[in-house]
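FYI, it's all coordinate maths here, none of it is from the lab. These numbers were taken from a predicted model, which means no experiment stands behind them. Cβ: placed from backbone, ideal geometry, glycine included. Neighbour counts: every protein chain shown.
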Amino acid sequence: MSKIICDFCGATDTRDNPVIAGDNACICKACVNAAHEIMSGNLPVEEDKTKNPAQEKEIKIKTPAELKKILDEYVIGQERAKKVLSVAVYNHYKRIFRHNEIDDDTELNKSNVLLIGPTGSGKTLLAQTISKYLDVPLAIADATSLTEAGYVGDDVENVVTRLVQAADGDIKKAERGIIFIDEVDKVARMSENRSITRDVSGEGVQQALLKIVEGSVVNVPPKGGRKHPGQDALQVDTTNILFICGGAFDGLEDIIKKKQGANVLGFNQDKKTKNEQDKIISKVETDDLVKYGLIPELIGRLHMIATLNEITEDDMVHILTEPKNALIKQYIKLFQMDNVTLKFEKDALKELAKLAIVRKTGARGLRSILEDIMLDIMFDLPKYKNKTVTITKEVVQKTEEPKVA
């Protein structure tokens, strides 16, 4: 079933902006409101013809510095990655909304981004945050679930379907959205040599991704799943969709060290500090990624590469306390709702950070650690009404009860 389109502004029928269909014409809610304003004399006709409030909002693009400031509120550290992403997004939306400002035949290509960093370092959070504040649809897909067309698993085109669903079925809006493909390192082929047999979830997926990443019109099933002959397919142009790929790329350091002539095997190796490991990964080049197992054609479409550092103990403490959605702030608010004051000692925060680093789950591991520690306290929370509960290092170690005053 095809979507109803407004004959006046070209908007597609959505829940927020429904389109009324007549015998010979269709009109959306926004155009009805605009017509009412004109007839009431509140808006000049000439101004209404040239001004589209939705378009005006879209053209106000945030600068890279403004975008980075937004990311700083949610993501601790990772300065280089935040700059790379801010510049890529700024250039991408400038290319879409302002390409007509200079009248020449120069074509601007989009800059897709590859984020390389350990688990829990903030790759997904970067994409989610930037999408939230740009008010554009975002689809997050896991590359491990993707397979070649015709095999059990998700078709690559289903990633685009998720973006259409995130845009409430508005294809025009979806065509300017962001697709974040996580765990892209898991579809690396096992060797540098081209496979003569089928590589169903590795090289085959990379070849399928090429088509949508570089920009083409894709036929996608409206509700996801497999394509069926009787199912109407939606046509989505991926030319203006920004692709951000992320992955941990375990073992990439060894490939870089080999290239530099360093010994990666044997007994004489010195254990590298986190700073030294971060410096090694920051020297990644495209040929290192080819050796890892990504096909050159796909790397060629991911123009901007940003590396994320492993999170330190100090970073963990900042993550717990500083961002707008910091876990400690969330718990303090939950306790306030029951008229209980919650406090965390500095040593307790450091102990929480140590536990997260030991578990090697990155920042995402902090929530499960806190949930476990706070469970019994939250269970008895109504008993502590109008009191102050202080969490100490011993509470985190589960050797003592919290202080109540």
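For this structure, a couple of remarks:
- Within straight-line reach of LYS385, meaning a Cα separation under 15 Å, sit the following aspartates and glutamates at least 8 residues removed in sequence or on another chain: ASP338.
- The spacing between segment 304-335 and segment 360-402, judged by their C-alpha centroids, is 17 Å.
- Segment 309-350: proportion of alpha-carbon pairs further apart than 18 angstrom, %: 32
- Among the trypsin sites (Lys or Arg not before Pro) in segment 1-33, those located in a DSSP loop and surrounded by at most 10 other Cβ atoms within 10 Å of their own Cβ are ARG15.
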